[in-house]
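The values are calculated or read from the model by the stated rules, or taken from the named source; none is laboratory data. These numbers were taken from a predicted model, which means no experiment stands behind them. Note that each Cβ is placed from the backbone with ideal geometry, even for glycine, and that neighbours are counted across all protein chains shown.
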């Protein structure tokens with residue numbers, strides 16, 4: 001059966017008194033709608049079609065559910081916004097068919113963090129319907145050019161509240177360590193490219209792997225936090241995958257022969273690694289066991305495939321491919337059946353996919369507006385939405401894991 005998004009109405013924000021911050025309410029309203037839309041699970045109804053009174057309250061007895069059903073709504077969200085700074089907001093979720101309240105949540109936050117409060121509401125709604133965590137509380141690491149040098153940044157999943165983590169010499173290719181406590185990246189701060197880990201709590205830097213006069217790039221950590229795989233150039237001009245303990249010790253080479261082997265990505269169970277190799281003449285996606293052995297080629301269409309990222313669900317690998325017009329687009333391949341699916345087309349260059357931790361969404365970069373910006377889409381290519389803007393270009397997004405549960 002075909003999936004049908006749930007028709008959902010978000011009523012205009014309710015303000016019980018003059019002191020309530022309209023600015024915070026607007027941020028909550030816009031963010032809540034954005035999150036639920038991008039999730040792909042809901043069809044948000046146009047407010048111009050609403051028949052109910054805008055000032056209708058939140059008590060079940062006060063709601064004329066028939067009017068909401070008349071516009072097609074099966075779910076109804078009402079949010080009451082109170083206070084200036086901090087702002088307090090209360091979400092009510094109703095089933096219009098049954099005429100009852102199904103969810104009620106209340107949170108407070110500084111007015112400047114109203115968007116994050118809305119992310120929490122969206123997470124509550126998403127989890128209520130799916131019984132799985134949403135990505136609305138997660139973060140993206142990415143690279144942005146600053147004063148001519150590329151640096152690593154961290155932002156909310158939707159590109160907001162971006163902050164610079166690195167400075168000085170060039171820093172590239174961010175990836176997350178298990179648990180999301182640190183971000184690894186390739187840094188030129190010691191002269192030779194090395195794998196460096198940035199601790200998000202202490203802001204300390206730790207070099208976990210470096211070889212003098214050797215290019216070391218593209219770290220990927222297993223989900224259990226025990227292993228890291230990366231690419232390292234050799235004296236003979238070839239580049240191979242190496243696997244080591246998460247601290248960089250006990251490194252051993254995984255690939256051999258001639259060619260460039262790079263961009264590794266662990267499977268969710270840590271038993272396999274997807275990567276790029278030109279061993280067949282052109283860059284293609286391969287899979288190899290984390291314990292070594294003979295690699296398996298999994299892409300045979302196109303002559304330039306790169307940047308694989310393995311879905312946390314294990315069923316798909318997203319990658320970038322150059323088509324016959326020399327445009328870059330994003331595809332997925334099923335590692336079991338080798339079925340290829342195209343996700344982007346005819347909108348600039350689309351590159352560097354990174355799956356969300358629940359596997360439902362993909363972050364990527366696109367030049368469809370002229371500059372390279374961050375975008376998010378569903379794993380099937382729908383609901384594509386721009387997440388960064390302005391003159392600063394963004395590259396190589398890496399979607400972080402779910403936040404650690406609070407004790």
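Does residue 257 meet the test of being in the same structural domain as residue 351 (by TED's automatic domain parsing), assigned to a loop (DSSP other than H, G, I, E, B) and at pLDDT below 95? First the steps, then the outcome.
Working: in the same structural domain as residue 351 (by TED's automatic domain parsing): yes; assigned to a loop (DSSP other than H, G, I, E, B): yes; at pLDDT below 95: yes.
So residue 257 fits the description; yes.
Any idea which of (1) modelled with pLDDT under 95; (2) part of a strand (DSSP E or B) is the one residue 390 doesn't satisfy?
It fails just one condition, (2).
Looking at segment 318-328, which of the residues that are in a strand (DSSP E or B) and surrounded by fewer than 23 Cβ atoms within 10 Å (Cβ to Cβ) is modelled with the highest pLDDT?
328
Would you please list the contacts, defined by Cβ atoms under 6 Å and residues six or more apart or on different chains, that run from a residue in segment 372-384 that is free of Cβ contacts under 8 Å to residues at least 24 places away in the same chain to a residue that is in a loop (DSSP other than H, G, I, E, B)?
Note: pairs meeting the criteria are 372/393; 373/388.
Which residues, counting only those in segment 279-314, are surrounded by fewer than 20 Cβ atoms within 10 Å (Cβ to Cβ), assigned to a loop (DSSP other than H, G, I, E, B) and free of Cβ contacts under 8 Å to residues at least 24 places away in the same chain?
Answer for segment 279-314, where residues must be surrounded by fewer than 20 Cβ atoms within 10 Å (Cβ to Cβ), assigned to a loop (DSSP other than H, G, I, E, B) and free of Cβ contacts under 8 Å to residues at least 24 places away in the same chain: 279, 280, 281, 282, 291, 293, 294, 302, 303, 304.
Here are the criteria: (1) more than 18 Å from residue 365 (Cα to Cα); (2) within 20 Å of the chain's Cα centre (by Cα). Tell me which single one residue 303 does not satisfy.
If we test residue 303 against (1) more than 18 Å from residue 365 (Cα to Cα); (2) within 20 Å of the chain's Cα centre (by Cα), just (2) comes out false.
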